[in-house]
Amino acid sequence: MINPSAETMSVSDPKKKSADLPELTRKFLKSSKRLAEEKGEESAVHKFRVQSRRLEMYSRYHPELEENPKWEKILKKLKALRRRLGKIREIDVHRGLWKELAGGSRCYQALDRKLSRDREKALENVLDKFDVKAIAEQTAERLEKLGPVKKEQAPSSERLIKRFEKVFESERRFEKKRRLDDLHRVRIAIKKLRYSLEPLLEKMGPQMATFLSWLKKMQDQLGRVHDLVTLGDELGRHQRSCKTEGLLAQELHKASRKLGLAIALGKKNWERTSADRQRRFREFMSENFFLHLIKAES
């Protein structure tokens, strides 16, 4: 259950400055090098996906990169690579959740072996089709051609209002039918809003740091629900593809039931905190937030 109070959550350092484009580029190159050298190690995959997504989002606000055809071509390659790595990341998360749910049982070993084989195939597919080092070098080369880095543009108030509206719209859609697919859309909207707000961290100070930390907690909460749902799909396919009987069948049924209960609990906790979320958004948006942005734009 989310507790939106600032006292009980892990708040980002209010003195921390927003990352600029050179710093994000450096972090991206570091994550790319690690991904290539460690051949798809779990944390390397996750770090690369995070850094490439953050670099892409931040570049949207740079006057010389916005709607730049050559940069868009590079971003297209990064998205394709990130999408393929997303499958590997999903398997890694599934293996962790599956161990949490059924570790030590016979049914755990059977599905874990399948997931391990699936990961090997997915990683082989990525390494065969993508030259991670070359893509990273092309990205850095393009950014270096900008010359002296100008002050990056912050996201406009108009664009941010649309991001907020997307979160509210996805929440209303979920509350209407209470579908898990719609709950996943809420998570995506929150993630995009968080990445869009990050460039304002230095300008807005502690208020922004606290709000970003809260958004991250919500994103993680919904991410776990989605991971449980997709693990449930994987478990269902496994049960249909192999004949099980006796103790093994009982263990699989027990694990499946436990998984279903975890999903239902996550969904219920999200529904329960609806009023708190609405209050938190109202408080943040009423504290002269957009007035600060408009002044900065003028």
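We did not get these values from a lab; they are worked out from the coordinates using the rules stated. Model, not experiment: these values are computed from the prediction. Cβ sites come from the backbone with ideal geometry, for glycine too, and all protein chains shown count toward neighbours.
Some values worked out for this structure:
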item: Equivalent ellipsoid semi-axes - Cα gyration tensor, region 167-219, angstrom; result: 25, 9, 8
item: Derived scalar couplings ³J(HN,Hα) [region 25-35; Karplus, 6.51 cos²θ - 1.76 cosθ + 1.60; whole Hz; x for Gly, Pro]; result: 5, 4, 5, 5, 5, 5, 5, 5, 4, 5, 4
item: Shape metrics for region 154-298, restricted to C-alpha atoms - Rg then Dmax, Å; result: 19.6, 71
item: Derived scalar couplings ³J(HN,Hα) [region 171-180; Karplus, 6.51 cos²θ - 1.76 cosθ + 1.60; whole Hz; x for Gly, Pro]; result: 5, 4, 5, 5, 5, 6, 10, 6, 8, 5
item: ³J(HN,Hα), Karplus 6.51/-1.76/1.60, whole Hz, each residue of region 83-97, x for Gly, Pro; result: 5, 5, 5, x, 5, 5, 4, 4, 5, 4, 5, 4, 5, x, 5
item: Contact order normalised by residue count of region 19-153, Cα under 8 Å, 6+ apart, percent; result: 36
item: Likely footprinting exposure, Leu123, Leu81, Leu231, fewest C-beta neighbours within 10 Å first; result: Leu123, Leu81, Leu231
item: Cα gyration tensor category, rounded, prolate or oblate, for region 19-153 with a/c compared to 1.5; result: prolate
